[in-house]
Amino acid sequence: MTLEKDDGFAALKRYIGQTLKIQCSNYKEDYIKRRLLSRMRSTGTSTYDEYLRYLREHSPELENLRNALTINVTEFFRDADVYDLIRKEVFPALFKGRKTIRIWCAGCSTGEEPYSLAMILSEMIAVDKTISGQIFATDIDEVVLKKAKEGIYSEKAMGKLSESQIHRYFTRLPDGTYQVKPHLQDLIRFRPHDLMSGQPISRFLDMISCRNVTIYFTEKQKDELARTFHTALVPGGYYVMGKTEYLGREVEGLFTPVNSIQKIYRKKE
């Protein structure tokens, strides 16, 4: 399948922007082309023009394409050592200076990450009833956001959770799935949000977790997002990245490394 000179690529990107509200220019072109190629192979189309016609004639394919472009790979306590640092160092440091903290989980996908943070927060509140916290969990994909808000997960998804965590935070449903209990859901506010809008979900945030999201962005978009996060954080606020992600040279001076291996940074005073 030879697509390098296919002029239909621009038209297809415009259609994706109009229908799915996903701006392809915010992502690396090679990434977009790889994702499109996977769907084209699945639908038996060989050019961008053919695939665009297919999309227009087969509306269910739009959801398949959305899922391909916004890869939602996540799990509870993914990269456990990162969460250990959040539990042992980041949250305790934040609570030294205040009684309540505000966290933004950006690109939350199906919800495992914000619920993992909420479990740690709930553990601390159980020890000290005078503290509290609020987690804003956002994603551009309203389909996965709806699933996150519902908080229903398969038995397989429980794999990294201890029996005590499952018992404390989940209710087993008759069909064998597990639903997050209301007291944990109450710590989180799920909202749709486009990270490329240039506007943070809120300001005066104590921590922003945006993990394994920017690996698909262009260098320019990564830098712009880092500046948005810097603006949204309080002085000394924490920024947690994915372990394979990095701060660009133009913005690395905005943050101080707390743990370079686990990719945890603080906003410079």
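The values are calculated or read from the model by the stated rules, or taken from the named source; none is laboratory data. In this text the structure is predicted, and so the values were computed from the model without any measurement. All Cβ positions, glycine included, derive from the backbone under ideal geometry; neighbour counts span all protein chains shown.
Side notes on the structure shown:
- Checking each residue in region 161-178 for being in a strand (DSSP E or B) and loosely packed, with under 15 Cβ neighbours inside 10 Å picks out 171, 172.
- The single condition among (1) under 17 Å from residue 107 (Cβ atoms); (2) in contact (Cβ under 8 Å) with a residue 40 or more places away in the chain; (3) assigned to a loop (DSSP other than H, G, I, E, B) that residue 262 does not meet is (1).
- Filter result for residue 110 (at pLDDT below 95, assigned to a loop (DSSP other than H, G, I, E, B) and in the same structural domain as residue 235 (by TED's automatic domain parsing)): yes
- Among residues that are in contact (Cβ under 8 Å) with a residue 40 or more places away in the chain, over 25 Å from residue 194 (Cα atoms) and surrounded by fewer than 19 Cβ atoms within 10 Å (Cβ to Cβ), residue 126 is not included.
- Only residues that are part of a strand (DSSP E or B) and either within 18 Å of the chain's Cα centre (by Cα) or among the charged types (D, E, K, R) (or both) were counted across region 113-148, and they come to 6.
- Residue in region 58-73 that is acidic (Asp, Glu), assigned to a helix (DSSP H, G or I), surrounded by fewer than 19 Cβ atoms within 10 Å (Cβ to Cβ) and at pLDDT below 95 present: yes
- Being outside any strand (DSSP E or B), closer than 21 Å to residue 70 by Cβ and not acidic (Asp, Glu) is a property that residue 190 lacks.
- Any pair with Cβ under 9 angstrom, 6 or more apart, that starts in region 6-24 at a residue that is at pLDDT 85 or above and ends at one that is assigned to a helix (DSSP H, G or I) and β-branched (Val, Ile, Thr): 9/32; 13/32; 16/32
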